[in-house]
Amino acid sequence: MKGQSIERDRLVDFYHMMLRIRVFEERVAELVESKDVKTACHFCIGQEAPPTGVCAALEIEDQIFGAHRSHGHYLAKGGDMRTLMAEIFCRRTGCSSGRGGSMHVCAPEVGVVGTVPIVAATIPIAVGAGMAYRLRGESNVSVAFFGDGATEEGHFHESLNLAGINQLPVLFVCENNLYSSHMGIDERRLKDNIPQSGDAHGIASMSVDGNDVEAVYQAALEAVARARSGGGPTLIEYRTFRWRGHVGPAWDYDVGVKRKDELQEWVQKDPIAATRRQLLELGVAEATLDELRHLVDDEVRGAELYARQSPRPEASEVLDHVFYQPQGVTQCAS
Amino acid sequence: MRLLNYAGAIREAHGQLLETDSRAFIIGQGLWSPWYAGSSMKDLDKQFGRERVIDSPVSENATTGAAVGAALAGMRPIVFHPRMDFMLLAVDAIVNQAANWSYVFGGQMGVPLVIRAVINRRGEQGAQHSQALQAMFAHIPGLKVVMPSTAHDAKGLLIAAHRDENPVMYIDDRALYEQECEVPEEMYEVEIGKAHVCRTGTDVTVVATSTMVPLALQAAGSLADQGIFAEVIDLRSIKPWDEACVLESVRKTGRLLVVDEAWKTYGVGAEIAATVADRGFESLRAGVRRLGLPDVPAPSSHVLEQAYYVTAEQITAEAAQLLKAGQTTRPALSIAS
């Protein structure tokens, strides 16, 4: 009975986190449509389970790296929602002081080292973090989150090999949403066989339902345990689907009728609705789940208010931060 | 003081950094090979272990990206590219990532990384074993670029680059590896951004980089025989570069020649010439001249190589012509003392 209640509490936490990501992004999508937000936003609506389940398997000291579609990872790893919203509004109080926008977010205090839009760019960077832990004899793991499109970059293959040959504690997490921008996976690859890249490079790999948050979590736990115990890297493919377009709030029907039909199927597999059904079956009261929704609505409203009330950077600050200056050290003019 | 050659000075700096800083490690190609890096990395793996001196697959992108990641995670890596041409495969990690990271995240994190790029050319090696790409990287905000010309500076600049909080591209040239000079045994830094006046003179300022410094000094000797006294400045640091030092010299001589053994078009010489024209125009008694490589890939044939690379004779001739040009076309305006 006790085990069951732990599982149920965990699932409530997952539900709460996925809702935070969903409601946050749906609000940002509205703000993009109303032109309150101008930065290019890539939404993960529909694929909230991989960030949630993977980050739940990590400790705060473990570090994650992401790509252009990273609001979910930032929140799931423990980043502050208010500073994320402020960054999306490009305000000085944003997590990147208004220099980053939606595609460059970070929360180093909780292990979100950074996210960047160059496809696959942070995969080798995550390998380097793993190398640092190993050199220092620490048991941390690093995680590279990327999409299926990134597996067609050279970075990906070089990184799998480098992490493999050095047996580094790295999770390569591919959120395969079946589209790279407008191109379906069958238009880009002869075979839909991303996990086989792991085999090809001699590292462990798995393919997991990316809309089943518990399955996501269990797979990540296994990979994390392997990495911490010196067993080397793992490639995990989470199969999922993004509901919105590659960029912006539109539904992306323009890339074809096929995608519209696919979307209908995937909406039926909504990870949040599925988790809600499971929780009700486990005996969680509907009122408890509704209360969580109210909490999340309030949090998102609070984040938006914080962002709107935050100052923009001063024009005179445009030259700041090109070079990093540790606190208390004065920089020489360059 | 004992003499040490350029390659030996680089080797010594790496050894001392590994010895004294547990955050230091090296990754790149050829580090376990006896010949890839000349003698500049000789036996470092034997002395410090292959955990910290990591030879790698031919994966420039992944090794450089990994070095960026390790730097972000608190290490002080040196990523080694035994030929600069091949480093072009790592441009994403260098330009998009290492150079941007501080800025795009509002200055919260630094990338204390040394990117060592070796130029290794001549010997009929052709276009993709010859390139000197300092101008390309100096163009990028967030990157520092240094090019030592002496064994002394090769050691001091590597140590300074390692201690810098930001990414520094350290470019050394195999043509200089046998050059010897006095090199202190202890660790020391040569400040990034400071040029060195190697020879003082009154008639013309010759700013030179890397391999062009010994040639400029040789040319200055020939010019002195003709009664022309050249001031030779070793730029040492391509970015940031020592504007004050160059402007002060031009105020004295009124004439400037920049010699950089890379493509002249959009090159280091163009940047220096434009800055001096902008900020030191009143000192100039003649138009600024540049010497560099023609807008052509490096050839292989020895005959073509002879025609392609810069010689001391060309530097001598260019400086002598500059003096004539200054005397005939433009009277001195207001020459500061």
### Task
For a label point 7 Å from the Cα of B:MET109 along Cα→C-beta, name the residues of segment A:162-185 whose backbone N is under 18 Å from it.
A:169-173
### Query
What's the average, rounded to a whole number, of partner chain beta-carbon atoms within 10 Å of each residue's beta-carbon in B:72-78?
6
### Query
Mind checking which lysines have their C-alpha under 26 Å from A:LYS38, skipping anything on the same chain fewer than 8 residues away?
A:LYS77
### Task
For segment A:294-323 and segment A:148-187, compute the distance between their C-alpha centroids and round to whole Å.
32 Å
### For q = 0.06, 0.10, 0.11 Å⁻¹, Debye-computed log10 I/I(0) when each Cα of the protein assembly as shown counts as one equal scatterer
-0.40, -0.94, -1.07
### Message
At 0.36 nm per residue, and after removing the present C-alpha to C-alpha distance, how many nm does the segment from A:GLU7 to A:ALA200 gain when stretched out fully?
### Response
65.9 nm
## Note on the structure
In this structure, the FRET efficiency calculated for B:ALA307 and B:ARG199 from their beta-carbon separation, with R0 = 25 Å, to the nearest 0.05, is 0.35
## Note on the structure
Those trypsin sites (Lys or Arg not before Pro) from segment B:35-87 that are DSSP loop and have at most 12 other Cβ neighbours within 10 Å turn out to be B:ARG50
### Task
Over every pair of different alpha-carbon atoms in segment B:196-329, take the mean of 1/r and invert it; report that Kirkwood radius in Å.
14.7 Å
### Task
Just tell me how shielded A:131-140 is by partners: mean number of partner chain Cβ atoms within 10 Å of each residue's Cβ, no decimals.
5
### Message
Could you compute how fast chain A diffuses translationally, taking Rh as the Kirkwood radius over C-alpha pairs and applying Stokes-Einstein at 25 °C with viscosity 0.890 mPa s? Give it in µm² per second.
### Response
120 µm²/s
### Query
Rounded to the nearest 0.05, what FRET efficiency is calculated for A:ASP297 and B:GLU189 with R0 set to 60 Å and r the Cβ-Cβ distance?
0.60
### Query
Which links in A:LYS35/A:LYS258; B:LYS144/B:LYS264; B:LYS155/B:LYS194; A:LYS191/A:LYS258; B:LYS46/B:LYS155; B:LYS239/B:LYS264 stretch past 23 Å when you go from one Cα to the other?
A:LYS35/A:LYS258
### Task
Express the carbon and sulfur contribution to the solvent-accessible surface of chain B as a percent, rounded to the nearest whole number, probe 1.4 angstrom.
52 percent
### Task
Take peptide A:146-154, look around each residue's Cβ out to 10 angstrom, count Cβ atoms belonging to other protein chains, and average those counts.
1
### Message
Defining a contact as two alpha carbons under 8 Å apart and six or more residues distant in sequence, what relative contact order in percent does segment B:196-329 show?
### Response
28 percent
### Query
Tell me, what is the percent relative contact order of chain A, built from C-alpha pairs under 8 Å that lie six or more residues apart?
22 percent
### Task
Evaluate the Kirkwood expression for the hydrodynamic radius of segment A:129-280, namely the inverse of the mean inverse distance over all pairs of different C-alpha atoms, and round to one decimal in Å.
16.6 Å
### Per DSSP, loop chymotrypsin sites (Phe, Trp or Tyr not before Pro) in segment B:1-74 with at most 12 further Cβ within 10 Å
B:TRP35
### Task
Give the cross-link partners of B:LYS324 among the aspartates and glutamates, using a straight C-alpha distance below 20 Å as the criterion and excluding same-chain residues fewer than 8 apart.
B:ASP203, B:ASP225, B:GLU231, B:GLU282, B:GLU313
## Note on the structure
Taking only the Cα positions of segment A:200-334, the convex hull volume per residue in Å³ is 301 Å³
#### Entry: Taking chain B and dividing mean pair separation by its residue count, relative contact order in percent (alpha carbons under 8 Å, at least six apart)
16 percent
### Task
Pull up the cross-link candidates among the aspartates and glutamates for A:LYS269, meaning alpha carbon to alpha carbon under 15 Å and not fewer than 8 places away within one chain.
A:GLU48, A:ASP209, A:ASP212, A:GLU214, A:ASP261
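The values are calculated or read from the model by the stated rules, or taken from the named source; none is laboratory data. None of the values given here were measured: they were computed from a predicted structure. With ideal geometry, Cβ positions are generated from the backbone for all residues, glycine too; neighbour counts draw on all protein chains shown. Note: areas computed on protein heavy atoms with side chains; ligands, DNA, RNA excluded. Shrake-Rupley method; radii C 1.70, N 1.55, O 1.52, S 1.80 Å.
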